[in-house]
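Structure, as structure tokens:
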Amino acid sequence: MNRVQLRFLSQADNVGLARLMAAGLAGQGNFTLPDIEEIKVAVSEAVSNAIIHGYDNRPDGWVEVVMELDAQGLTVVVEDWGVGIEDVAQAREPAFSDDPERLGLGFVFMESFMHGLEVASTFGKGTRVRMRRLITEISHDAQ
Amino acid sequence: MTIVHALEGRYLRVAVKGDLDLKTAIPLREALDKLTDRYRDRHLLLDLTEVGFVDSSGLGVILGRHRRLMAQGRTISLSGVRPSVKAVLELAGIDSIINITHIAEGSETRRNRPQTKTST
């Protein structure tokens, strides 16, 4: 079992940093390279959401990413202390975005690329996204 | 992220190098809009050979350019799409809207092997 924690300001430069950390830790487990690519997308979406929506693109909010690798898989928790989500169910719907340049697919990508996604949010207080990617049998065979 | 452009027949080819995410979305959008406004008689061919990562922020830029060019009777095509990027494009359904030329599965591995044949 291994555990890493990263806390950074809500700046776009740090999305890549969180992705690198996820790829590095997942690389210690029996994940295939395509698995790791998908984990990177999910982490990128969660951290981007924290910056864009949680802090409304303000660059001075804290985002915390905690990742835990065990024999069965990788758990990723992304937390912000921003505005929170008023209606989580609605936010998880595809194409829920008021910006035409954004797809509104962040949660869809997280759900599709991970084996489980929990979103806990308190309006006005912040959001916590927990997702888990399992190491599949195919990944084991690839080793 | 770096961008290199060239004119090829009816196409404006723009080769992008780097990750397409929240950090690069706005600079990429601005660069593409500037280029497509400068060359108004060309379709856009976005070369993603050197792009190893795309998330929904990057896809938003691609889809936004598709909408913008379509309104002007122009098209956007993607070339050099890597398997990892292809998975994201397919999940978003973009492959059914925009013409895409993929890089064959495993080609990244083959490219790194020593060359044993010089003739093709």
inquiry  = Just to be sure before I move on: is residue A:51 of a type in the set (Val, Ile, Thr), within 18 Å of residue B:19 (Cα to Cα) and without any contact (Cβ under 8 Å) to a residue 24 or more places away in the chain in the structure I sent?
reply    = no
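Residue-by-condition table, conditions (1) in a helix (DSSP H, G or I); (2) under 12 Å from residue A:65 (Cα atoms); (3) within 11 Å of chain B (Cβ to nearest Cβ):
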residue: A:6; (1), (2), (3): no, yes, no
residue: A:14; (1), (2), (3): yes, yes, yes
residue: A:19; (1), (2), (3): yes, yes, yes
residue: A:34; (1), (2), (3): yes, no, yes
residue: A:43; (1), (2), (3): yes, yes, yes
residue: A:47; (1), (2), (3): yes, yes, yes
request  = Looking at (1) at pLDDT 95 or above; (2) over 11 Å from the mean Cα position of the chain (by Cα); (3) closer than 26 Å to residue A:9 by Cβ, find the lone condition where residue A:72 falls short.
outcome  = (3)
query = Going by the structure shown, is residue B:109 surrounded by fewer than 19 Cβ atoms within 10 Å (Cβ to Cβ), at pLDDT below 95 and among the polar types (S, T, N, Q)?
reply = yes
message = surrounded by 19 or more Cβ atoms within 10 Å (Cβ to Cβ), acidic (Asp, Glu) and either facing another protein chain (nearest Cβ under 10 Å) or within 22 Å of residue A:103 (Cα to Cα) (or both): which single residue out of B:19, B:95, B:33 fits that description?
response = B:19
task = Could you grab me the full set of residues in the range A:85-129 that are in contact with a strand residue (DSSP E or B) (Cβ under 9 Å, 6 or more places away or on another chain) and within 14 Å of another protein chain (Cβ to nearest Cβ)?
result = A:91, A:92, A:107, A:110, A:111, A:113, A:114
task = Can you tell me which residue within the range A:84-104, out of those that are of a type in the set (A, V, I, L, M, F, W, C) and closer than 14 Å to residue A:119 by Cβ, is surrounded by the most Cβ atoms within 10 Å (Cβ to Cβ)?
result = A:85
Failed item, numbered, when residue B:57 is tested on (1) in contact with a Gly (Cβ under 7 Å, 6 or more places away or on another chain); (2) under 17 Å from residue A:43 (Cβ atoms); (3) of a type in the set (Ser, Thr, Tyr) = (1)
ask   = Just a yes or no: is a residue in the range A:55-73 farther than 21 Å from residue B:84 by Cα, crowded, with 22+ Cβ neighbours inside 10 Å, within 14 Å of chain B (Cβ to nearest Cβ) and hydrophobic (A, V, I, L, M, F, W, C)?
value = yes
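The values are calculated or read from the model by the stated rules, or taken from the named source; none is laboratory data. Just so it is clear, the model here is predicted, and its values are computed rather than measured. Don't worry about glycine lacking a Cβ; one is built from the backbone with ideal geometry, like all the others, and counts go over all protein chains shown.
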